[in-house]
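**Student:** My questions will all concern the structure given below.
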Amino acid sequence: MQKQLLALAAAGLLAAPALAQKVEITDPAVLAKIKDEGMNRSKVMETAFYLTDVCGPRLAGSEGLTRANAWTKKRLTEYGLANANVEPWGDFGRGWDIDKSYVAMTAPYYHAMIGVPKAWTPSTPGALRKQVVMVKATTEADLDKYKGQLRDKIVLLPVAAPLQPNFEPDAKRLSAEDLQKMADAPASTPTTAANRPPDPAMAERMATVRAQREMRTKIGAMLLSEGAAAVLSAGRGTDGTVFTTNGAPYAADAKPVLPELEMSSEDQLRLIRLAEAGIPVEIEMETKTHFQTQDLKGYNVVAEIPGTDKKLKSEVVMLGGHLDSWHSATGATDNAAGCAVMMEAVRILKASGLKPRRTIRIALWGEEEEGLHGSRNYVKNHFADPATMQLKPDHEKLAAYFNLDNGAGKIRGIYAQGNEAVKPIFTAWLQPFADLGATTVTSRNTGSTDHVAFDAVGLPGFQFIQDGLDYFARTHHSNQDTYDRLVADDLKQASVVVASFVYNAAMRDEKLPRKPLPAAVKPQ
């Protein structure tokens, strides 16, 4: 009996280290340093100012994005990071910038209007002052009645739906009930093309969208062939907000299109009512844009805090957000906020004198808005190609990737992305920040930003839960996305939370748990 007890005791002693590793331990003194630096000596708003007001709009391939790439590389080097580089990821396409844009109604009276050139559309041939013609067409047959009537005219396109009053606030924070629902949400299998159940309603909607896009392409080709001077179309949004898009592809060999402005709905509807009433309407406008075709590559900005542990320094913890934006404003909430927070997180770690065991690498992605190109190609170049799932050596060395790209709201928790094994780890890491409102770990997946590039090849990539504020209602891709929409206290809080997560991931004995490797997915 005594031998059995001794054997059990010995087994217990041998198991003790393994059991201890299951309990996440954070260093209160380190977290206090991070909080103190991030809350009391923050540079996050200064960084956001340079990314927005100084660098300006950062459309993919634009001069503004080039300025931001150079500035962030310089600033990260000044923070003391190593190996700062503007790294090409591959071919992208043409850059595009606005040099001048002006539009006003000059008859039946003068009215200055809100309009934004659609991305990758050409200049007008100098200043125009021309009559407008309203074109409504849902079929090719509808276009026939406009033939011969559009030469040298500015064409008005209809507004999709009448404006309605909105009785909800633009800006909202996640409530305790919202967060609890997220925390209680069960893990679910990510939906893929292979396991997606049939959805006739969705299929019908997608067919409608495709038909509308095809018709819009045919309208554009007809207007060009008929010799129209320019196009005014209605952007999504109300109250002077215009959500912008592209009016032509960025491919180097894209077909020509007409100059086109995306208008505020209120201005577009006024023009439409006057035109439909038979009252002559005259527009004065000029757009001056230029294309950049000498360098068709896309770029990411990367820099590192080298690891200090002899065994673990070859492993990497990554953090990032996308640096590019749309062109009608300065891309403050989408996504200068996320980039400023990530830059502030690494600044905090360096300023606090912390020595991570693993290497910490920040990546500021390019060309996210056109399809996550920067992060997807970085993953393909460094870790694995999701189309083949042939793993590169660095795939095994990535401990985690953390992303921020859901606006300028404070962090309220993190999406576990269906990785149940990380939930207790993240729960422990969030406990010191309950007083700052960050408490929730949800099993839910979230998509549409750069962490999915990592998740697609079986790497632990995560996006933080953020307060939405007025992100989708007002600022996302719009002419309202400016520095003034940022909330300093929220960005300070987010910087501190991110810095702690990155540091904890760099210090633990093991890399974060991974989900099973996904099957290869051929591009659609």
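**Student:** Is it the case that region 83-99 has a residue that's free of Cβ contacts under 8 Å to residues at least 12 places away in the same chain and either farther than 16 Å from G298 by Cα or in a strand (DSSP E or B) (or both)?
**Tutor:** No, every residue in region 83-99 fails to be free of Cβ contacts under 8 Å to residues at least 12 places away in the same chain and either farther than 16 Å from G298 by Cα or in a strand (DSSP E or B) (or both).
**Student:** Could you grab the pairs with beta carbons closer than 7 Å, sequence gap of 6+ or different chains, first residue in region 47-58 and among the charged types (D, E, K, R), second one not in a loop (DSSP other than H, G, I, E, B)?
**Tutor:** Every condition considered, the pairs that remain are D53/Y483; R58/G64; R58/L65; R58/A68.
This table checks each residue for (1) in a loop (DSSP other than H, G, I, E, B); (2) outside the structural domain of S443 (by TED's automatic domain parsing); (3) in contact with a Gly (Cβ under 9 Å, 6 or more places away or on another chain); (4) buried (at least 23 other Cβ atoms within 10 Å of the Cβ).
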| position | (1), (2), (3), (4) |
| --- | --- |
| V502 | no, no, no, yes |
| R514 | yes, yes, yes, no |
| A519 | yes, yes, no, no |
| P523 | yes, yes, no, no |
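**Student:** May I ask you to list the residues in region 63-86 that are over 16 Å from E304 (Cα atoms) and buried (at least 20 other Cβ atoms within 10 Å of the Cβ)?
**Tutor:** Answer for region 63-86, where residues must be over 16 Å from E304 (Cα atoms) and buried (at least 20 other Cβ atoms within 10 Å of the Cβ): G64, L65, A68.
**Student:** What are the pairs with Cβ atoms under 7 angstrom where one residue, in region 427-450, is at negative phi and the other, located anywhere, is assigned to a loop (DSSP other than H, G, I, E, B) and of a type in the set (V, I, T)? Sequence gap at least six, or different chains.
**Tutor:** Pairs that qualify, where the first residue is at negative phi and the partner is assigned to a loop (DSSP other than H, G, I, E, B) and of a type in the set (V, I, T), are A428/T26; W429/T26; L430/T439; P432/T26.
**Student:** Just checking, how many residues over region 261-314 are within 30 Å of D91 (Cα to Cα), buried (at least 21 other Cβ atoms within 10 Å of the Cβ) and among the acidic types (D, E)?
**Tutor:** Within region 261-314, residues that are within 30 Å of D91 (Cα to Cα), buried (at least 21 other Cβ atoms within 10 Å of the Cβ) and among the acidic types (D, E) number 1.
**Student:** Hey, another quick one. I'm told M342 meets every condition in (1) within 30 Å of M105 (Cα to Cα); (2) touching a helix residue (DSSP H, G or I) at 6+ places or on another chain (Cβ under 9 Å) except one. Can you identify the failing condition by its number?
**Tutor:** (1)
**Student:** Do we find a residue being more than 30 Å from A32 (Cβ to Cβ) and crowded, with 24+ Cβ neighbours inside 10 Å anywhere in region 357-366?
**Tutor:** Yes: one or more hits.
**Student:** Of the residues H382, H373, only one is more than 24 Å from W71 (Cα to Cα), out of contact with any Cys (no Cβ under 7 Å at 6 or more places or on another chain) and of a type outside the set (A, V, I, L, M); which?
**Tutor:** Of H382, H373, the one residue that is more than 24 Å from W71 (Cα to Cα), out of contact with any Cys (no Cβ under 7 Å at 6 or more places or on another chain) and of a type outside the set (A, V, I, L, M) is H382.
**Student:** Among the residues of region 435-458, which ones are over 20 Å from V496 (Cβ atoms) and charged (D, E, K, R)?
**Tutor:** Matches in region 435-458: R444, D450, D455.
**Student:** Now, a different point. Sort out which residues of region 210-244 are part of a helix (DSSP H, G or I) and either under 29 Å from the mean Cα position of the chain (by Cα) or without any contact (Cβ under 8 Å) to a residue 40 or more places away in the chain (or both), and write them in order of number.
**Tutor:** Result: R210, A211, Q212, R213, E214, M215, R216, T217, G220, A221, L224, S225.
**Student:** For region 393-422, enumerate the residues that are touching a Gly at 6+ places or on another chain (Cβ under 6 Å) and among the aliphatic types (A, V, I, L, M).
**Tutor:** L404
**Student:** Do you know which residues across region 100-147 are in contact with a helix residue (DSSP H, G or I) (Cβ under 9 Å, 6 or more places away or on another chain), under 17 Å from A234 (Cβ atoms), touching a residue at least 40 places away in the same chain (Cβ under 8 Å) and assigned to a loop (DSSP other than H, G, I, E, B)?
**Tutor:** Within region 100-147, M113, I114, V135, A137, T138 meet the criteria.
**Student:** Still on this structure, I have one more. If you check Y401, Y415, which single one turns out to be within 30 Å of Q180 (Cα to Cα), in contact with a Pro (Cβ under 8 Å, 6 or more places away or on another chain) and surrounded by 20 or more Cβ atoms within 10 Å (Cβ to Cβ)? Spell out the reasoning first.
**Tutor:** Details: Y415 fails: in contact with a Pro (Cβ under 8 Å, 6 or more places away or on another chain).
Of the residues listed, the single one that is within 30 Å of Q180 (Cα to Cα), in contact with a Pro (Cβ under 8 Å, 6 or more places away or on another chain) and surrounded by 20 or more Cβ atoms within 10 Å (Cβ to Cβ) is Y401.
**Student:** Test L150 against the stated conditions and say whether it is in contact with a strand residue (DSSP E or B) (Cβ under 7 Å, 6 or more places away or on another chain), in a loop (DSSP other than H, G, I, E, B) and more than 30 Å from I414 (Cα to Cα).
**Tutor:** yes
**Student:** Looking at T47, T66, T77, T26 in this structure, which one is under 32 Å from the mean Cα position of the chain (by Cα), modelled with pLDDT under 95 and not hydrophobic (A, V, I, L, M, F, W, C)? Walk me through how you get there before you give the answer.
**Tutor:** Details: T47 fails: modelled with pLDDT under 95; T66 fails: modelled with pLDDT under 95; T77 fails: modelled with pLDDT under 95.
Only one candidate qualifies: T26.
**Student:** Does region 292-302 contain at least one residue that is in a strand (DSSP E or B), in contact with a Leu (Cβ under 7 Å, 6 or more places away or on another chain) and under 30 Å from M507 (Cα atoms)?
**Tutor:** Going residue by residue through region 292-302, those that are in a strand (DSSP E or B) are 292, 297-302.
Of the ones still in play, those that are also in contact with a Leu (Cβ under 7 Å, 6 or more places away or on another chain) are 300-301.
Filter once more, keeping what is under 30 Å from M507 (Cα atoms): 300-301.
Scanning region 292-302 turns up at least one residue that is in a strand (DSSP E or B), in contact with a Leu (Cβ under 7 Å, 6 or more places away or on another chain) and under 30 Å from M507 (Cα atoms).
The values are calculated or read from the model by the stated rules, or taken from the named source; none is laboratory data. This one's a predicted model, so the numbers in the text were calculated from it and none came from an experiment. Note that we place each Cβ from the backbone using ideal geometry, even for glycine, and neighbour counts take in every protein chain shown.
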